[in-house]
Each structure stands twice: as C-alpha cells, then as structure tokens.
Amino acid sequence: MPPDLLFRALAAKGFMPEGEGAFLHRIACERLAHGPGLEVGSYCGKSAIYLGAAARAAGGTVFTVDHHRGSEENQPGWEHHDPSLVDEELGVMDTLPTFRRTIARAGLEEHVVAVVGPSTTVAAHWHTPLSLLFIDGGHAEVHAQNDYSGFAPWLVTGGALVIHDVFERPEEGGQPPYHVWLRAVASGCFEPVQTVGSMRWLVRVSGGAGDAAG
Ligand code: SAH
Ligand code: MG
C-alpha cells in the first residue's frame, strides 16, 4: 500500500484490521488487472481504500455495493451503532456521504464505483464477469448466502473469492460467513488459498463466468 493510502485507510471509519486490509490489497493487486472486482459492504469506504489502491495500481475498477442503511448491528441500540452516521431528517443510517468523502479524499473516485441499493437487487441485474468478489455485507444467514448466490456465479475461473468475518467457532463470532465458505468449498468450484485473521481467500477452479458450457 502506498503510505498515503494506508494512512487514509487506517483513519477511515469501519471494520477492517490493518493486516486483513493489507491481505485484501495484495489479492486485489494480483487480480484487478484481469477485470473488475466487486465488494459487498462498502460502509464508510475503509476496505474500499485497500481495494481502490490496488485498482489504481492495476489500472482497474472496483464496484462496491451497499444500501448504506447499515446492517443489523449498526442500528441504534446495537453494538456497532455510530450516531454520527444517522440522517437526521429521515432518522435512518446513511453511510453514503461519509463513504464519498473517504474515497474522494483518498483520490480514488476514478477507481472505486459505489453502487447504492440492496445487494439482491443489484445482483439480479448484474451481468459482468468479475476477477474478484469480496463478501463483507450483512452477516445474517440470508444476506451472506444471497451475496454468495448472487455474485459468485460471475467470478471467472482463476478469480478470487474473499470472505470476511469467517469464524469457525461460535464463541469467536457469527457463523453465516463460515457457512458461505463451507458452501463454496463444497461446491467443488472453489479451493482455499490462504487465511489472514478472519479473512479467507479462495480461488475459483472451475465453472467460472464465461467458461465454455460443458
Ligand atoms: N467493508 C466495510 C464494512 C462493511 S459493514 C469496512 O471495511 O469497514 C457491512 C455493510 O453491509 C453495511 O454498510 C451495510 O449497510 C451493508 N449491508 C448489509 N446488508 C446489506 C444488503 N442486503 N444489501 C446491501 N448492503 C447491505
Ligand atoms: Mg467485515
């Protein structure tokens, strides 16, 4: 990571430890020269800086999907609520203004493209093969599973599937991202490559978007 972007990433609001962000950046540097990447779960743009730095270096693009209304745990009264991110007029979370400032200040607006809406709606209309898919959206079972079923089919063979907040043991954290990882491995289309913290990198080994139909 260029030091100025690392500084921006560390200063940004969000949920991405430095070691895992650097890992994501390294994977993205390898992949984004081959085609666009997509992140589910933009929040305030912290992980998008790690991805965007790689996109800039590769001359590529990363799309990042979020309805910007926050996950369950970001709502008032929950563990990860930040009252400074509430739209006073509507009385709901709105992380989009903060996200836009984060990406603009990092100078990454050419490389990081926000897609604003529910991930299922975006996925239903998505038609572009992906070199990288980073799943870091809603952590309820239904959301995590939808993010995988909606976007993983668009990963090309050789593409990187990266899943955040994967905890094998319930004492460590919620299980849905781990269930998605198990599902990906059980499909036979993905093989684990490497893990750093709660971040798991898999590679698509078969059945990728654009492969000749068997
Ligand atoms: N990657 C971020 C953290 C993402 S937090 C970082 O680096 O800090 C998870 C995000 O997923 C939240 O911003 C929430 O609004 C979004 N989200 C949850 N469920 C969603 C859904 N069904 N569709 C779109 N976005 C969703
Ligand atoms: Mg996360």
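The values are calculated or read from the model by the stated rules, or taken from the named source; none is laboratory data. Since the structure is predicted, the reported quantities are computational estimates derived from the model, not experimental observations. Reconstructed Cβ throughout: ideal geometry from the backbone, glycine too, with neighbour counts over all protein chains shown. Accessible surface is based on the protein model in full, side chains and every heavy atom, while ligands, DNA and RNA are left aside. Shrake-Rupley method; radii C 1.70, N 1.55, O 1.52, S 1.80 Å.
Overview of values
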item	result
Carbon and sulfur %, accessible surface of the chain computed with the full protein complex present, 1.4 Å	55
Of VAL92, VAL142, VAL203, the one that fluctuates the most in a GNM where the chain has Cα springs shorter than 10 Å	VAL142
Extension gain from SER206 to ALA104, taking 0.36 nm per residue of separation minus the Cα-Cα distance	33.0 nm
P(r) histogram, all alpha-carbon pairs of the chain included - 5 Å bins from 0, percent	1, 8, 16, 20, 22, 17, 10, 4, 1, 0, 0
Gain in span if fully extended, ASP82 to ALA11, counting 0.36 nm per residue against the direct Cα distance	24.0 nm
Top of LEU90, LEU32, LEU182 by mean-square fluctuation, Gaussian network on the chain, Cα under 10 Å	LEU90
The chain - mean residue ellipticity at 222 nm from DSSP helices (-39,500 (n - 2.57) per run, n ≥ 4, rounded to 500)	-10500 deg cm²/dmol
Amide H partners (placed H, <5 Å) of VAL115, local residues excluded	THR64, VAL65, ASP66
Highest-MSF residue in the chain out of PRO129, PRO170, PRO83 [GNM, Cα springs under 10 Å]	PRO170
Pairwise centroid distance, computed over Cα atoms, of the range 31-105 with the range 178-214, Å	24
Per residue solvent-accessible surface (Å²) - the chain, probe of 1.4 Å	46
Phi-based couplings in Hz for the range 134-141 (Karplus 6.51, -1.76, 1.60; Gly and Pro marked x)	10, 9, 8, x, x, 9, 5, 3
Spin-label model distance (nm) - GLU172 vs THR120, 7 Å beyond Cα toward Cβ	3.0
Local electrostatic count at ARG26 - Lys and Arg +1, Asp and Glu -1, tallied over other residues with Cβ under 13 Å	-2
